[in-house]
Amino acid sequence: MTSRTISVGALARVEGEGGLEIVLRDGEVKSAALTIFEPPRFFEALMRGRAFTEAPDIAARICGICPVAYQMSAVHAMEDALGVRVTGPLRDLRRLLYCGEWIESHMLHVHMLHMPDFLGYAGGVDMARDHGDIVRRGLAIKKVGNEIMTLVGGREIHPINVRVGGFYRAPRKRDLRALAERLERALEQALQVARFVAGFDFPDCARDYVFVSLRHADEYPFNEGRIVSSRGLDIAARDFETHFEEFHVQRSTALHARMRHCDAPYLVGPLARYALNADVLSPLAKEAAREARLESVCVNPYRSIIVRAIETIFALDEALRIIARYEEPDASCIAIAPRAGVGHAATEAPRGMLYHRYRLEADGTIADAIITPPTSQNQAMIEEDLKRLTGAFVHLPEDELRHRCEQTVRNHDPCISCSTHFLRLEIDRG
Amino acid sequence: MSGQGHRTPSAPRLAVWKFASCDGCQLSLLDCEDELLAVAQALDIAYFPEATRAPIRGNYDLSLVEGSVTTPHDAERIQDVRRRSRALITIGACATSGGIQALRNFADVRDYASIVYARPDYIHTLATSTPISDHVKVDFELRGCPIDKVQLIEVISSFLARRKPTTPSHSVCLQCKLKGNVCVMVARGTPCLGPVTHAGCGALCPSYDRGCYGCFGPAETPNAPSLSAQLAALGMDEDALRRVYRTFNAQAEAFREESERHDE
Ligand code: SF4
Ligand code: SF4
């Protein structure tokens, strides 16, 4: 019997720190483990005793890559606990802020983190030496996403303008309108990006994923919707903990998640969202998907780069629609009185659904918090991918195999710091 | 695409390191969309795992360190980073004052671990979250949670030009005055940490009708007790006063001392 272990010490081009250990026996992948050794930061613990109003600022610091997702989940969960619903222009502004984060995060992943795998570079900066125009185009689109976040949120990392009930200050109509021209230009460029990435050489593979995402009857989901799966699950966010559970494995500071009553791991993120919501994409995004030859359900994880490009087109398109109909609200925020209660919310971070639950005391103090980020939910599925997909590459020399394993993980844009919890690759060939 | 990356062979080598953090400060570098490729031309980005697969090798002219020290392993790793670095600059509140995760310094970390993890015995962590300067010599500290990217570019370019970075040391208040903001505390009675908070953000929160919550940490000579009296007059109780200083820079001396004055 010949066996070997391949390990990736510190996984690159993912946010946060983690590693992989793959054990090969007789040319087959015997086991694959993702270890997250990101130092724990204990957010759920340090939330206790804080005022409900502080949650959006604290939750943002879980992750610098998708702070809006954390802020949005926190404010929605608080509003659920406090019996408040945000509608009209304030709701639109939240969707707009989310558009900014998707554009920024997807273009970062597509160009700086994922694309170098397909074009054979160590990273986006190296790639820029030979493909400067492509990298610059990606950065230009990303920048427009950041401009939205700066205008609506105050800054692109850890926005300061988000509060429970709405915003501290609503942006001016004319300031938003001023963005429209740049968004139009970025939309043109994003269409080119979708065409470009659709032409990559993708490993031929298909996985039978259980997809989980939000679903909203008439909009592609950001902040709201029911939690649905490709196997017929359809529940309200408040029932998340009845159907999903987190558990703790020794090798990782990130918790794993699984669906109760069914042992299979599940996938959240762009592939899941697209599979379950493609019908409510904007016409332009649908057209772009057709042109990129994206099947109506994409089960090849390497092709997630195309889905990210399509979602970027959608987000730019949606941002333009929101800006066109935006009227300044009478108040930037709904006044809220504290009360005791439990609130739940799930929203769609660029890398997948995340869930928050808070229990509040009568004075609005947080008694306890549960935060389930996308990466911990995807961790088990990423390990499955490694087991099933890297088998085809075991004959490759160590370096190439290692690279394939890393790419297989990067497909899912795991964000390790967010798990407060991430990745290193060890391949054991015995 | 001409000219990309034709660096001189002697381009200074840059490394970006991560300790306990949210990645937000190093992302600020990737958020410099307009300057990123110029930076990459002037510097050899030799180690930056969030952006490239290139492995650790040799020494670096400039190390940017994000995050705080919270594990025994990291306490050793920072020594190695220091040995490999000619200049070491900390970026952000985590690296400069321990970050939000330093809230454990005021609690029992075992309680924290058992709240979050089913098997706290699997978790290896230190009882404290400490800034990098508690462990090794730091050449410059850039504040903020997150850092301001304009300041980051200033620090990198001054390093390249071998001059001292010009980043202001006064308070957020002065930046409000420069911007012509109406004082949110005087005009609206909104509690604001601006008077004791280090400049750098351009008085962002007050520009959005919000009080400063201190994400750049204490200014150089803050008079926190006097501000607390004003905040109390605006209705903040002892509990709220303790919390307001205990966020993203809780371990920074002036904020820690003031928060402790309001401990039960
Ligand atoms: S200082 Fe703030 S933005 Fe920077 S790494 Fe720490 S938590 Fe993130
Ligand atoms: S005003 Fe204060 S809290 Fe707001 S960004 Fe500036 S330093 Fe941070």
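Of B:Gly92, B:Leu227, B:Ala254, which is farthest on the positive side of the dipole of chain B, counting Cα position, with +1 on Lys and Arg Cβ, -1 on Asp and Glu Cβ, and the Cα centre as origin?
With unit charges placed on the Cβ atoms, the residue in question is B:Gly92.
If one takes the longest principal axis of the Cα atoms in chain A, at what angle in degrees, from 0 to 90 and to the nearest 10, does the Cα axis of helix A:173-198 lie?
Compared with the principal axis, the helix lies near 20 degrees.
Kindly provide the helix-only [θ] at 222 nm of chain B, computed as the sum of -39,500 (n - 2.57) over DSSP H runs of four or more divided by all residues, to the nearest 500 deg cm²/dmol?
So the helix-based figure for chain B works out to -9500 deg cm²/dmol.
Would you mind ranking B:Arg210, B:Arg86 so that the residue whose beta carbon has the fewest other beta carbons within 10 Å leads the list?
B:Arg86, B:Arg210
Could you give the DSSP H helices of chain B that reach 24 angstrom or more along their long axis (alpha carbon positions) and whose average Kyte-Doolittle hydropathy is no lower than 0.5?
Numbers: long enough: none.
Within chain B not a single helix satisfies the rule.
Kirkwood hydrodynamic radius of region B:10-59 from all distinct Cα pairs, in Å?
When all Cα pairs of region B:10-59 are included, the Kirkwood radius is 11.6 Å.
Among B:Cys25, A:Cys262, B:Cys205, rank each residue by its count of other Cβ atoms within 10 Å, from fewest to most, as a rough exposure measure. Spell out each step's value before the answer.
Numbers: B:Cys25 31, A:Cys262 13, B:Cys205 27.
With the sparsest Cβ surroundings first, the list reads A:Cys262, B:Cys205, B:Cys25.
Say the cut-off is 25 Å between C-alpha atoms; which of A:Lys173/B:Lys179; B:Lys149/B:Lys179; A:Lys143/B:Lys164; A:Lys387/B:Lys18; A:Lys143/B:Lys137 go over it?
Working: A:Lys173/B:Lys179 22 Å; B:Lys149/B:Lys179 19 Å; A:Lys143/B:Lys164 29 Å; A:Lys387/B:Lys18 29 Å; A:Lys143/B:Lys137 35 Å.
Checking Cα-Cα distances, A:Lys143/B:Lys164; A:Lys387/B:Lys18; A:Lys143/B:Lys137 exceed 25 Å.
Please order A:Val75, A:Val86, A:Val280 by the number of other Cβ within 10 Å, starting at the fewest.
Values: A:Val75 29, A:Val86 20, A:Val280 16.
Fewest to most other Cβ atoms nearby, the residues stand as A:Val280, A:Val86, A:Val75.
May I ask you to order A:371-382, A:172-183, A:25-36 by the average number of other C-beta atoms within 10 Å around their residues, highest value first?
Packing proxy ranking, top to bottom: A:371-382, A:25-36, A:172-183.
Measure off 7 Å from each Cα along the Cα-to-Cβ vector at B:Arg57 and A:Glu398, then give the distance between these two points in nanometres to one decimal.
1.5
Kindly list the residues of region B:175-208 that lie in the label zone of B:Arg261, defined by a backbone N under 18 Å from the point 7 Å along the Cα-to-C-beta vector.
B:191-198
Can you list the HN-Hα couplings for region A:354-366, worked out from phi with the Karplus curve (6.51, -1.76, 1.60; θ = phi - 60°), rounded to whole Hz and with x for Gly and Pro?
10, 10, 10, 9, 10, 10, 10, 7, 4, 8, x, 6, 6
Can you compute the FRET efficiency between A:Phe200 and A:Asp175 using 1/(1 + (r/R0)^6), with r the Cβ-Cβ distance and R0 = 35 Å? Round to the nearest 0.05.
According to the calculation, E is roughly 0.40.
A:Glu328: net charge of surrounding residues, Cβ under 11 Å, Lys/Arg +1, Asp/Glu -1, itself excluded?
That works out to +1.
So for the protein assembly as shown: antiparallel DSSP bridges make up what percent, rounded to the nearest 5? Numbers along the way, then the final one.
Details: 49 of 74 bridges.
That works out to approximately 65 percent antiparallel.
Round to the nearest 10 and give me the degree value, 0 to 90, for the angle of helix A:88-108's Cα axis relative to the longest principal axis of chain A.
For helix A:88-108, the angle is close to 20 degrees.
Enumerate the amide H contacts of A:Ala345 below 5 Å, restricted to partners 5 or more residues apart or on another chain; note that Pro and chain-start residues carry no placed amide H.
A:His356
Using the Cα centre as the reference, give the magnitude of the dipole from point charges on the C-beta atoms of chain B (Lys, Arg: +1; Asp, Glu: -1; all else neutral), rounded to the nearest 20 debye. Don't skip to the answer; put the middle values down first.
Working: 28 positive and 31 negative charges, 158 e Å.
Computed charge dipole of chain B: roughly 760 debye.
Of A:Gly138, A:Gly124, A:Val152, whose Cα points farthest to the positive end of the dipole of region A:40-176 (charges on the beta-carbon: +1 Lys, Arg; -1 Asp, Glu; origin at the Cα centre)?
Farthest towards the positive end: A:Val152.
Provide the gained length on full extension for the span A:Glu245 to A:Asp330, in nm with one decimal, where the gain is 0.36 nm per separating residue minus the Cα-Cα distance.
Length difference between fully extended and current span is 26.4 nm.
For chain B, with the dipole built from +1 on Lys and Arg beta-carbon atoms and -1 on Asp and Glu ones, taken about the Cα centre, which of B:Val39, B:Ser169, B:Ile123 lies farthest toward the positive end?
B:Val39
Per residue of region A:265-279, what does 6.51 cos²θ - 1.76 cosθ + 1.60 with θ = phi - 60° give for ³J(HN,Hα)? Whole Hz please, x for Gly and Pro, Karplus curve as stated.
The phi angles translate into x, 9, 10, 10, x, x, 4, 5, 4, 5, 4, 9, 9, 4, 5 Hz.
Which one of B:Gly217, B:Gly58, B:Gly92 has the biggest mean-square fluctuation once chain B is modelled by GNM with Cα springs under 10 Å?
Maximum among the listed residues: B:Gly58.
Angle, helix A:67-82 long axis vs. longest principal axis of chain A, Cα atoms, 0 to 90°, nearest 10?
50
FYI, it's all coordinate maths here, none of it is from the lab. What you see is a predicted model, and the numbers here were worked out from it, not measured in a lab. Every residue, glycine among them, receives a Cβ derived from its backbone with ideal geometry; neighbour counts consider all protein chains shown.
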